[in-house]
Amino acid sequence: MIRQPLPEALWLMALHETKGIGWQSLYSLVRIVSRQQIPYDRLFGMTEREWIALGADSKSALAAGQLNIGLAHDRALQLEKLGIEPISFYDDAYPTLMKETAKPPWILYTVGRRELLHEFGIAIVGTRAPTSYGKIVCERIAGSLAEQGVCLVSGMARGIDGCCHREALKRGGATIAVLGAGPDIAYPPEHRQLHRDIAEQGLIVSEFPPGTRPSPGLFPLRNRIIAGLSRGVLIVEAAEKSGSLITADYALEACRDVFAVPGPVTSPKSAGTFELIKNGAKPCGSADHILEEYAHLFIPSAQRPAKKERHEKLTKEERKIYVILEQGDASIDELQRKTSWDFGLLHSVLLSLIIKSQVRSLSGAVYTWVGEPNG
């Protein structure tokens, strides 16, 4: 069913999408709200003059004083129709690990299985042009982690990032793609199918509103979220000035573990990982080298192969229905809107799931998921 956004979530999203209002401006306004104990249902009715009287700078006061709750509700409905669910900093679904970082995003735009935000996650990043050695090592480590129940986090870039996501999907595992663009933008263009697959089987995350085009300044911001969602970050291959090292820096700032794959000292693609290991990163050649650090936090899933087999028994279309219904019961109209399928296809997929005892029809043409999560 459609979740009605809380007033604080609407307010945060409306400001977040206001041109010229950045993280720090929003932080200043949130501090005023907290300090003055202003009820959130009053925020849309406050004037520019009231904000200035409370200590807001003129630019922020103007933006906050012009917000319209009707337009905010319309925007939330528009996102819902697009299958995009914004999660505000105050939402229960907001990942706790992300809150522990220096500048957690005020809004996360998500598409897919948002429960993955609370799974045990490890980030895997690296060069956009890996060597055959780097690709093989990435596939081996990512595949093993995925099979043992680890959620793999990466940035859907070319090279190591794409390899990480594909290996997780191939092994029937979980993966989160954090984008340096809006959640609806597949970048690079050749990753359109990967973007669709992750949206249906994993989770797409971005702090940038839909329609935001990729630009160089957005990727470092994306990297801090990759680190923030993860217990640890593995750098597979990275040149001396690779962007992947920015992710490692963010991980260290957030007190997360950093792992690096040792490589040939003659390879420029291993210069960055060599420096990381020199400076204290843990050398990593297998999934066990990562998991042994978290024996007190994470128990590898001995049932993962069986879950993978069950997952593969669902068709691609059936998995899409699962992603929608695991967030709550939905009417036939909601399902049609979220899938964009014609009624014949939707009815056929629902009938198949009912026969498989995965979905049950409730009164009022509402459907609920009753099977095991992976079918």
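The values are calculated or read from the model by the stated rules, or taken from the named source; none is laboratory data. Quick caveat, the model's predicted, so the values are computed rather than measured. Cβ atoms come from the backbone with ideal geometry, glycine included; neighbour counts cover every protein chain shown. All accessible areas refer to the heavy atoms of the entire protein, side chains included, with ligands and DNA or RNA removed. Shrake-Rupley method; radii C 1.70, N 1.55, O 1.52, S 1.80 Å.
Results for (1) touching a strand residue (DSSP E or B) at 6+ places or on another chain (Cβ under 8 Å); (2) closer than 30 Å to ILE107 by Cα; (3) among the basic types (Lys, Arg), shown as yes or no for each residue.
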| residue | (1), (2), (3) |
| --- | --- |
| ARG213 | no, yes, yes |
| LEU218 | no, yes, no |
| ARG224 | no, yes, yes |
| LEU234 | yes, yes, no |
| GLU237 | no, no, no |
| ALA248 | yes, yes, no |
| LEU252 | yes, yes, no |
| PHE259 | yes, yes, no |
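Selection within region 91-111: residues that are assigned to a loop (DSSP other than H, G, I, E, B) and over 18 Å from LEU252 (Cβ atoms). The member of this set that is modelled with the lowest pLDDT is ASP92.
For region 230-244, a tally of residues being over 20 Å from LYS135 (Cα atoms) and open to solvent by 10 Å² or more (accessible area, probe 1.4 Å) returns 1.
Yes or no: region 17-35 includes at least one residue that is in contact (Cβ under 8 Å) with a residue 60 or more places away in the chain and touching a strand residue (DSSP E or B) at 6+ places or on another chain (Cβ under 9 Å). Yes, that holds for at least one residue.
Of the strands (runs of 3 or more DSSP E) contained entirely in region 159-263, those carrying at least 3 residues that are without any contact (Cβ under 8 Å) to a residue 60 or more places away in the chain fall at 175-178, 257-260. Take the conditions touching a helix residue (DSSP H, G or I) at 6+ places or on another chain (Cβ under 9 Å), surrounded by 16 or more Cβ atoms within 10 Å (Cβ to Cβ) and of a type in the set (S, T, N, Q) and apply them to THR18. Does it pass? Yes.
Restricted to region 260-283, and to residues there that are farther than 17 Å from PRO130 by Cα and not basic (Lys, Arg), the residue that is least open to solvent (accessible area, probe 1.4 Å) is ALA281. Name the single residue that is surrounded by the most Cβ atoms within 10 Å (Cβ to Cβ) among those in region 69-98 being over 30 Å from ARG224 (Cα atoms) and in contact (Cβ under 8 Å) with a residue 40 or more places away in the chain. Here the residue is ILE69.
Taking the criterion of being within 22 Å of LEU221 (Cα to Cα) and not in a loop (DSSP other than H, G, I, E, B), the residues of region 18-59 that qualify are TRP23, GLN24, SER25, LEU26, TYR27, SER28, LEU29, VAL30.
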